[in-house]
Amino acid sequence: MARLDELCKLPGHQGIVWNVGWNQEGNILVSCGEDKTIRLWGRNVNSNDWVCRSILSDGHQRTIRSVSFSPCNKLISSASFDGTCCIWDKSTSTEGNQYECTATLEGHENEVKCVAWSASGSFLATCSRDKSVWIWEVGEDGEFECAAVLSAHTQDVKKVVWHPHQDIVASASYDNTVKMFCEEDDDWICFATLKSHESTVWSLAFDSTGKLLATCSDDRTIKIWKEYLPGNEFGVATSDNMPTWKCVCTLSGVHPRAIYDISWCHQTGLLATASGDDAIRIFRIDPESDPNAPFLEQLITVPRAHEQDVNSVVWNPCIPGLLASCSDDMHVKLWQFKG
Amino acid sequence: MATSSRFSSIVQLTDLDDFINPSQECIKPAKTANVKQVTSAGSAKIQIGDDGTYTQINKEGQPEKLEKAQITLNDCLACSGCITSAESVLIGQQNHTEFLKLCKEIQLSSESRMYDKIVVGLSSQPILSFANKFQVSPIEARAKLSALFRQLGAAKVFDVESFADMCLVECGHDFVQRFREKSTNATSVPVLASACPGWICYAEKTHGSWILPHISEVKSPQQIAATFIKDLLPNELQTDASRLAVVMIMPCFDKKLEASRSDFLREDQQTKDVDFVITPVEIEQILEELDVEFTDLDSSHVDHLSKAEIPTWNIPSGSGSGGYAEHVLRFAAKELYDVTLEHITFQPVKNSDIREAFLEMDGQQVLSVAICNGFRNIQNLVQKMKRKKRTYDYVEVMACPSGCLNGGAQLRLESNETKILLSNLEILHTKIEKHDIDETKADDLCHAWLGKSSIEERLKRLRTNYHAVQKSTNALTVKW
C-alpha cells in the first residue's frame, strides 16, 4: 500500500508560505512568503535534520509569491507583490549559503505572481496581475534584458513554467486558459491556447518528456494535455505547422476545493497536488491506459497535510519520492512517498 | 476587432483592470457647483429612482435631483487607473458617428451645429494603409481620401507632412541645444522623441518625474499642424477658431488621447486644437455607412499651405514614423561638427525594432541616435537609463512594434498576416518621394505664422509640457 510519510515540519516563516523549490542537486530547499523573506533549508551535517541555513531579506517591499533556483544553481530568482523580481547571487558573497540581491527586474505594472528559469538557463519568464507574461534574456554580463512582453491573457496570470527541454513557456491564468509561447524570428509568439477549465487555472507542470502537461484549477479538476505534432497519426488537426495541445484527461470529483498547485515528478512520474482543503494527494497515470485517453489513478490522500490551505508542492529532482509542501499555516513540510 | 486593440499595446498594458465596475474603479470625484454643508449625520438621504436618477432628500424633506458626474476623457487620462473606462468616453467624443453627425450639420447649415467649417489633416501612414489594402498607388489613395472628406464637407484638406518639417526643424534645434548642455545638465541627454502619445502616456503614468525631463518638449506634427490651422485658417474661412473643426487622420487611437490633453486647449481654455482624430478603421466604417467602395471614390487635390510649396506629395526621409532620429542626426552632424551626412543607415541591434546610427569623427563616436519601437525595447531603454547606463544621445521612441506604419488602427487584411502586411507597407513607404528637411522652407512657413511673435509665444506654439501622474492604490481594485 502506497504511503506518504511526513518527514519533518519546518517552522520559521512569519506568515503564509507561498512557494517552495529545490536546487538542481536536490540538497537545498528554498521557500518564500508573506513575511517578505526567502529561507534556504538544508540538512544539518551532524544530525541529518533539515534546518534553516539562511534567510534572505531586504529584497522586496511586499509578499514574495514565488522563488526558484537557476539551472546553474548559482542564482535564485524571486517574484513579489511589490511588482519586481530579484536575482540573488551566491558567487559574490563570502559565506557559504549567503546570497546577495544583485539585480532587480522592474517593468510589471503590479504584483508579480511567478518567476521561472528556462531549462537552458538563457531565459527567465515572469507573470503578473497586469495580465502580461514577460520573457527576460540573460546576458553574458549578468544583465537581464526584456525580450518580450506578451499580452495574450485577458486576466491575471498566475503561473509560468518552462518546457523541460525546449525554450517554450506555458502560462496559467485567471482567464481560465493556459497559453504557450515560443520564439519566432526575433519575437515571441503565443502558439497555443488551452481551453477547457471552467475557472482560474492555478498551476501547471510538464512531465519529464515535455509531451504531456498537467494543469490544476479553481474548478477543482486536474487536466492532462497531450502534444500532437503536425501530421500526427491520430488525425488531430494542427495549424501553422505548430503542435496542438489537446485535453486527454479530466479528473473531477476528487478535490472538494480549489487545487492550487501540481507537481510532476520527472523520476517517478508521480503527480502531487496542493489543495484548498488542506490535503495533499498523489496520482499517477495508469500505465495500462490508452495514451490518447490516459486514466489518472489516485494513490494517496493525506487529508490534513497542513492546518490550512496547501499552496505549493514540489518533488525533489534527485531523491525519488521526496516531496516538499508549504501552507497558509506558516509551515514548510517534507514528505517521503513509499510505493 | 475589439476597440482596445486599436490603441497601441503600451496603452493597453497600462490598463490595470477592467474587471471592477466603473463606479468602484473611477476615483474621479464629481464636481459640485453648489456645495451644501451637511452638518449632522443622517441629514441627507439619497434615493435612486426607477429611471436611474439620483435624488437627494434635503433637510427640509424636499427632493433635489443630483447632477450626474461628468467624466471627460481628460479626467481619465489624469487618473492612473484604467484606459478601458476611458474608451467608452473617448468613443463618445471622437468617434466616426459623431464626426458624420457634424458633417451632416455643416452640410445642412443646421442652426444647432457646433462648428461652421471642417479642415482635415491627412497623415502618411493611413494613406499607405489604404493604398496597400486596395492596391492603388499612395498618390491615388491620398487623392481618394481627400475626395471623401471634401464630399463630407471639408473646406480644406492638408497633408500633415506639410507641417512635419516645422516639427522636425524644432526637434533638431531642441536637440542641439540640449546636447550642448550635456556637461552641465544631467537630464539634457538622452533626448527622447515626444511624437508618440502611447509612449508619453506610459512615461507619465509609470515612470513620471525622473524621465519626463528627457522627453523632447516639441509638439507632435498633429498638434503643430492643428495649432497652425486654428491660428491662421479662421480668417480665410471666415469663421472663428472655436467654430472650426480640425480633423486629423491618424494611424492609431492613441492620437485621440493626445488630442484630448488639456495642454492643447487654446487661450479660451475650451477650444481644442484638434477636434477629431479619425483612424483608418473608422474611415472604413464611414465608407460602409455611406455605402461607398473606396476604389469608387473620386480623386481630389490636397491643399497647399503656401504658393511656394512643391505641388507633389513628399514626406520627410527616414522611418515610417516620421523620420525623427534621421533628421536629428543629420541636423546635429551639420550644426555641431559641420559634417554633411548623405545616406544614413540604421543598424539593427538585438531585433529589428531597435536600430542605431552614429556619427564618428577620428574613430570616436561623437553622436549616437536610435529608433526604438515597441514596448520590450522601450522597457530596456528606460531600465538602462534608470540604472544610469549609457544609451544614446537621441532616441525616436514609438510604442508600436515597427512604429507608426503598424499603428493600432491601421487597416488589417483578412489573411491576418501582420508580417507580410507590414513589409508591404514598408515597401510602399520607401517608394514615396522623400525629402531632406528644407530648413529655409520650414522657417519661411514658421515665419509666416509666428514671424512677429515673441520667443515665449513661439515656444507656446511649438512646445508642450508633460506631467507625472500619481499612482493611486485603491484596495478595492486589488485582486489576487
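Taking the listed residues B:Ile315, B:Ile354, the one that is over 30 Å from B:Lys156 (Cα atoms), buried (at least 20 other Cβ atoms within 10 Å of the Cβ) and among the hydrophobic types (A, V, I, L, M, F, W, C) is B:Ile354, with no other qualifying. Set side by side, the residues A:Asp49, A:Asp130 differ, and just one is charged (D, E, K, R) and over 25 Å from A:Gln14 (Cβ atoms), which is A:Asp130. For segment A:91-106, check the following and say yes or no: at least one residue is more than 12 Å from chain B (Cβ to nearest Cβ) and open to solvent by less than 10 Å² (accessible area, probe 1.4 Å). Within segment A:91-106, none of the residues are more than 12 Å from chain B (Cβ to nearest Cβ) and open to solvent by less than 10 Å² (accessible area, probe 1.4 Å). Hey, any hits in segment A:169-177 for a residue that's within 9 Å of chain B (Cβ to nearest Cβ), in contact (Cβ under 8 Å) with a residue 12 or more places away in the chain and either surrounded by fewer than 24 Cβ atoms within 10 Å (Cβ to Cβ) or not in a loop (DSSP other than H, G, I, E, B) (or both)? The answer is yes, given that some residue of segment A:169-177 is within 9 Å of chain B (Cβ to nearest Cβ), in contact (Cβ under 8 Å) with a residue 12 or more places away in the chain and either surrounded by fewer than 24 Cβ atoms within 10 Å (Cβ to Cβ) or not in a loop (DSSP other than H, G, I, E, B) (or both). For segment A:18-36, the set of residues classified as open to solvent by less than 20 Å² (accessible area, probe 1.4 Å) and part of a loop (DSSP other than H, G, I, E, B) consists of A:Asn23, A:Gly26, listed by residue number. Within segment B:132-145, the set of residues being surrounded by fewer than 24 Cβ atoms within 10 Å (Cβ to Cβ) and small (Gly, Ala, Ser) comprises B:Ser137, B:Ala143. Evaluated against (1) part of a loop (DSSP other than H, G, I, E, B); (2) open to solvent by 50 Å² or more (accessible area, probe 1.4 Å), A:Lys9 falls short on exactly one condition, (1).
Beta carbons closer than 6 Å, at least 6 apart along the sequence or on distinct chains, pair a first residue in segment B:197-225 that is within 29 Å of B:Val246 (Cβ to Cβ) with a second that is among the small types (Gly, Ala, Ser) and in a strand (DSSP E or B) for B:Ala225/B:Gly121. Among the residues of segment B:413-428, those that are surrounded by 17 or more Cβ atoms within 10 Å (Cβ to Cβ) and over 29 Å from B:Val169 (Cα atoms) comprise B:Leu421, B:Asn424.
The residue that is least open to solvent (accessible area, probe 1.4 Å), counting only those in segment B:429-450 that are part of a loop (DSSP other than H, G, I, E, B) and more than 19 Å from B:Cys171 (Cα to Cα), is B:Ile432. Pairs are defined by a Cβ separation below 6 Å, a sequence spacing of at least 6 or placement on different chains, a first member in segment A:26-45 that is β-branched (Val, Ile, Thr), and a second member that is not in a strand (DSSP E or B); the pairs so defined are A:Thr37/A:Ser57.
Screening B:Val157 with (1) over 15 Å from B:His304 (Cβ atoms); (2) outside the structural domain of B:Lys384 (by TED's automatic domain parsing) gives one miss only, at (1). Of the strands (runs of 3 or more DSSP E) lying entirely inside segment B:295-408, those carrying at least 2 residues that are under 23 Å from A:Glu137 (Cα atoms) and in contact with a helix residue (DSSP H, G or I) (Cβ under 8 Å, 6 or more places away or on another chain) are B:364-373, B:394-398. For the criterion of being surrounded by fewer than 22 Cβ atoms within 10 Å (Cβ to Cβ) and among the polar types (S, T, N, Q), A:Thr193 passes. When the residues of segment A:110-137 are filtered to those that are open to solvent by less than 10 Å² (accessible area, probe 1.4 Å) and part of a loop (DSSP other than H, G, I, E, B), the one that is farthest from the other protein chains (Cβ to nearest Cβ) is A:Ser118.
Can you pull out every residue in segment A:138-159 that is more than 8 Å from every other protein chain (Cβ to nearest Cβ), of a type outside the set (S, T, N, Q) and without any contact (Cβ under 8 Å) to a residue 40 or more places away in the chain? Residues satisfying the conditions are A:Val138, A:Gly139, A:Glu140, A:Asp141, A:His153.
Scanning segment A:276-308 for residues that are closer than 28 Å to A:Gln24 by Cα, out of contact with any Lys or Arg (no Cβ under 8 Å at 6 or more places or on another chain) and either surrounded by 14 or more Cβ atoms within 10 Å (Cβ to Cβ) or touching a residue at least 12 places away in the same chain (Cβ under 8 Å) (or both) returns A:Ile280, A:Arg281, A:Ile282, A:Phe283, A:Arg284, A:Ile285. Being of a type in the set (Ser, Thr, Tyr) and within 11 Å of another protein chain (Cβ to nearest Cβ) holds for only one residue in B:Ser368, B:Ser402, and it is B:Ser402. For B:Phe375, are the conditions met, namely being buried (at least 16 other Cβ atoms within 10 Å of the Cβ), in contact (Cβ under 8 Å) with a residue 60 or more places away in the chain, aromatic (Phe, Trp, Tyr) and within 14 Å of another protein chain (Cβ to nearest Cβ)? The answer is yes for B:Phe375.
The values are calculated or read from the model by the stated rules, or taken from the named source; none is laboratory data. Treat the numbers as computed from the prediction; the structure is a model and nothing was measured. Heads up, the Cβs are rebuilt from the backbone with ideal geometry, glycines too, and the neighbour counts pull from every protein chain shown. Accessible surface is based on the protein model in full, side chains and every heavy atom, while ligands, DNA and RNA are left aside. Shrake-Rupley method; radii C 1.70, N 1.55, O 1.52, S 1.80 Å.
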